Every structure is written in structure tokens, then in C-alpha cells.
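Okay, so here's the structure we're looking at.
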Amino acid sequence: MRTIAVAGKGGTGKTTVAALIVRCLSEHDTKSILAVDADSNVNLNDVLGVTLNETIGNIREEMKDRVSGLPGGMTKPQFLEYKIHAGLVETARFDLIAMGRPEGPGCYCYANNLLREILDTLSANYAHVVIDNEAGLEHLSRRTTQRIDDLLVVSDPSPRGIRAAARISRLLKELDSRVDQKFLVLNRVRGPLPGSVSSLIRETGLDLVASVPEDDHLLRMDQEGHSIWDVPTDSPVYRTIHRLLNDLTNDGKPREVSP
């Protein structure tokens, strides 16, 4: 199993990048794919063009409040596993599960421990797991996601975006999370990068592995509510993500791009 996580501040297009990764994997690899929406602002399903049944956050709330009266004499682990599988969106190309909002007040230790075990078991059934994370890496910090092979930090080509990417990189060190490799992906790039941005990229210590070009057609598609499956395969955006994935899955480490 290979786990690819995508993170970045809001507005950088990280969910679109995550969805393109799911699509490229499904079209160029016959193995099974689990997409995980780990952003509390759940919308990966919209970009992938599927309807969401349930979120883990809602299931966790239900289990926390349901101290008795579980159906059919189920134990709490059995009930939680049943609900998670019921909330799983299954398609011919990929499956999807959404984490939903983080927990509210009160103790969720028991629920989170069960979640981790069940999600680990669920993930093990797939060859690829693609996680659309939030900028604060909430689910990483709570260890509901255990191991990541490749973390792609998505940024726009601006000093503010690069600084946000650097903060995410530092947060990983503070969490001591299990991330094998982390890379920088610039999104919505128009023309050569300003020298100030190139310098900031070098200061982050992150390897720049992809510069995804701005695509007005993709922007219009998003505004009109089209899914990622409508992006042409000859689109520069599609080709860039495909090249990056090809490097990751075949070579283990993508080629660096000069900032």
C-alpha cells in the first residue's frame, strides 16, 4: 500500500490536486484506490463527482452519545465498523470515505482509538490511499492517519503561500508524524517565478517537484460544477500530475523542478 497525502492552506487548489491524483491513478493503474477526505470542509466528493453518504465525524458523535441500545446486541467496535462501511462510497474507479469535522467537547479517546484501528484495517485493503488533508493536519496530529509515504504540500506561487507551506513542514517536525517524504507542489503558476518566491522555496527545505500551470478552462469547469473527470487528458494540468505520479509510483522519488 502506498499512501499519498495532500495538504495546503485554503484556496491553493489542493483538493483539485488530490482529485486529479485519484483520477490519474485510476486511469493508469488497475489497482484499488481509497480516497480519504480529511479536510473538515468536506468537498472532495464534489470534485470527484460522487454523493457522500456519511462522515466519520458524524459517526463518532453518534457512537459517543449512544452509550446503550446498540442495534442487534452489537458491541461498540462492531457498530462503529458497520457504520464506517455503510458510509463508504464505492465506485468502479475508487472508493471514498470522509473524516468530517474534528471532535467537539468531551473525551473522544476511545472513539479515536477504535477509528484508527478500523481505518488502518480498511486502508490495508487498497493498493493506493490518497488523503486530502487540511492545512492544520488535524487528523495527522490526532493519529487517525498513521503512515504517509508521500506528503505533497500545495501552495500558490506567492510569498504568503510559500510561508504557509513552510509552516506545514515545521508542523510535521513538531508532530513527529510518520511521513517518509515531503515535497512542494506549486499550483496555478503563470510564467517564470519571481526571484523572491524562488528564494523562499529554497529556504523551506522542501523539494519542488511540480509546477502546475494555471488553467482557465479548469477554473471555468470548477465554477460550473463539473467534476475532475471532465478535464481533458491533454491538459497541461493533467499531464503535470500524471508525470508526478509516474515518478512517485515507479521511481519512488519525483524529479525536482528548478524554482
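Here, each number is a calculation from the coordinates, and none is a lab measurement. Everything numeric in this text was worked out from a predicted model, so none of it was measured. With ideal geometry, Cβ positions are generated from the backbone for all residues, glycine too; neighbour counts draw on all protein chains shown.
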Just to check I understand the Karplus step: with θ = phi - 60° and J = 6.51 cos²θ - 1.76 cosθ + 1.60, what whole-Hz values come out for the stretch 79-85, glycine and proline as x?
5, 5, 5, 4, 5, 5, 5
For L151, the residues 5 or more places away or on another chain with a placed amide H closer than 5 Å to its own amide H are A5, Q181, K182, F183
Restricted to Cα positions, what overall size does the stretch 192-259 have along the principal axes? Three whole-Å values, descending.
38, 32, 16
For S40 and T233, FRET efficiency with R0 = 35 Å and r from the beta-carbon atoms, rounded to 0.05?
0.65
Under a crude label model (7 Å from the Cα following the beta-carbon direction), how far is M74 from L88 in nanometres?
1.4
How far is it, in nm, from the label point at R163 to the one at T51 when both lie 7 Å from their Cα along the line to the Cβ?
4.5
Here the gain from full extension of E27 to Q223, 0.36 nm per residue of separation minus their alpha-carbon distance, amounts to 68.1 nm
Working out 0.36 nm times the residue gap between D216 and D247, then minus their Cα-Cα distance, what length gain in nm do you get to one decimal?
8.5 nm
Which aspartates and glutamates have a Cα lying under 14 Å from the Cα of K9, excluding residues fewer than 8 positions away in the same chain?
D39, D132, E134, E138, D156
Sorted by chain and then number, the residues having a modelled amide H within less than 5 Å of the amide H of S32, at least 5 places away or on another chain, are A127, H128
